[in-house]
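The values are calculated or read from the model by the stated rules, or taken from the named source; none is laboratory data. Quick caveat, the model's predicted, so the values are computed rather than measured. In this analysis, Cβ positions are derived from the backbone assuming ideal geometry, glycine residues included, and neighbour counts consider all displayed protein chains. SASA here: full protein model, heavy atoms, side chains in, ligands and nucleic acids out. Shrake-Rupley method; radii C 1.70, N 1.55, O 1.52, S 1.80 Å.
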Amino acid sequence: WSDKTLFDIETKTLEGKPLKMSEWKGKAVLVVNVASKSGFTGQYEGLEKLSDQWKDKGLVVVGVPCNDFGGQEPGSASTIRQFCTSRFQVEFPMLEKQSTKPGKNQSQIFEYLGTRTGKLPGWNFCKYLVYPDGKTIEFYDSRTAPDGKKLEAKVKDAVSKVKVEKTAKPATEESSG
């Protein structure tokens, strides 16, 4: 993974559609392992607020359902989508259910994030803030509130590194005399 970034990974959405994470290249990405039956499930509300507040400035919040801890995400993709939409009005991208734990079933996302930070989730709702370069990554455990000052300050720093594409102005013709 030394010559790769998060943006080199291909995965699937919660609905099973292929997703190239390169679509988010140049943006700040907050990857969160989520679960519907966790004591931290209420964080969906804060994650949605964070997404709403910063998405136009270059932040992508991404939920990755995970059943690794306490069997707290046992449902199917449609059950997870229904829960997130009806209960928390989640609009940020959600990926297919994936494993965070090392081994043959570990998702590439968590293999990459764990390799880069030396930290893997110990429970649900751990967060990885990936800077627009795809290599600068910070880890936050489950207790870090998505709408708290600590994470918000880091998100602000990460989105400040997003390069906004300027629309090219049409060249003006110089008048010849």
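Summary table
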{"quantity": "Close pairs (7 angstrom Cβ cut-off, 6 or more residues apart or separate chains): farther than 9 Å from residue 97 by Cα in the range 66-86, assigned to a loop (DSSP other than H, G, I, E, B) and open to solvent by 40 Å² or more (accessible area, probe 1.4 Å) anywhere", "calculated": "68/101; 69/123; 72/37; 74/67"}
{"quantity": "Contacts under 6 angstrom Cβ, first residue in the range 42-59 being touching a residue at least 60 places away in the same chain (Cβ under 8 Å), partner basic (Lys, Arg), 6 or more apart", "calculated": "58/27"}
{"quantity": "Residue 2 of a type in the set (S, T, N, Q) and at pLDDT below 95", "calculated": "yes"}
{"quantity": "Number of positions in the range 16-38 that are part of a loop (DSSP other than H, G, I, E, B), touching a residue at least 12 places away in the same chain (Cβ under 8 Å) and open to solvent by 10 Å² or more (accessible area, probe 1.4 Å)", "calculated": "7"}
{"quantity": "Pick from the range 41-78, criterion in a helix (DSSP H, G or I) and of a type in the set (A, V, I, L, M, F, W, C), ranking: most open to solvent (accessible area, probe 1.4 Å)", "calculated": "77"}
{"quantity": "Residue match in the range 131-153 (condition: basic (Lys, Arg) and crowded, with 18+ Cβ neighbours inside 10 Å)", "calculated": "no"}
{"quantity": "Output for the range 1-15, where each listed residue is acidic (Asp, Glu) and either exposed (fewer than 14 other Cβ atoms within 10 Å of the Cβ) or under 13 Å from residue 97 (Cα atoms) (or both)", "calculated": "3, 10, 15"}
